[in-house]
Amino acid sequence: MYDKDLMRGRVAFVTGAAGGIGRAVCEALTTCGARVVAADLGAVDEAPPGIAAEWCKLDVTRGGEVRARLDDTVRRLGRLDILVNVAGVVSLGDAEHLAETEWDRVLDINLKGTFLMCQAVVPQMKQQNWGRIINAASFAAIIPSIGSAAYASSKA
């Protein structure tokens, strides 16, 4: 799946790491030798079995918190090579009745969070003259389901 020679010694930062796709990405990267900082909004008391990553709590919608966490990662690990933005939420309900606060929550996490993470990591990657950013997408951007207006919009 990954080129082990390319991943060995790299530092990766993964959002939405506690479950599903994020967790699988962390597992794959650590298996290939990357040092991984696994971030999630939910409390993570200890690393899940089989994933040798550093775990931290992070709200991707707070720019100051994002910058502080990424700066801390670079300070401690010396670099940041790979950013994988997986953090995301789904809110179901037809657009006619969807609360504005729910629309804002989905777009803040799925869209603004991805923007803030990318914005914060690009200067470091430029300084290193190397970096990769991977943003999780969804077919919902192309073929939205009924009742997923906020989610489909955030992924488009």
Please report how many Lys pairs in the chain have alpha carbons closer than 24 angstrom, counting only residues at least 8 apart along the chain or sitting on separate chains. 5
J(HN,Hα) series, the stretch 53-65, from Karplus relation 6.51 cos²θ - 1.76 cosθ + 1.60, nearest Hz, glycine and proline x: 10, 8, 10, 8, 8, 8, 9, 5, 8, 10, x, x, 5
Averaging 1/r across every pair of distinct alpha carbons in the stretch 44-116 and inverting yields a Kirkwood hydrodynamic radius, in angstrom, of 14.4
Computed over the Cα atoms of the stretch 81-156, the Rg and Dmax in Å are 14.5, 47
For semi-axes √(5λ) of the Cα gyration tensor in Å, pick the label among [x] 28, 16, 15; [y] 21, 17, 16; [z] 24, 18, 13 that corresponds to the value derived from the coordinates. [x]
Please identify the GluC sites (Glu not before Pro) of the stretch 65-156 that satisfy two criteria: DSSP loop assignment and at most 16 other Cβ atoms within 10 Å. Which are they? Glu96
5 Å is the cut-off here: which amide hydrogens, built 1.01 Å from N in the peptide plane, fall below it relative to Leu83, excluding neighbours closer than 5 in sequence? Phe13, Arg132, Ile133, Ile134
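Coordinate-derived values only; no laboratory data. Just so it is clear, the model here is predicted, and its values are computed rather than measured. Every residue, glycine among them, receives a Cβ derived from its backbone with ideal geometry; neighbour counts consider all protein chains shown.
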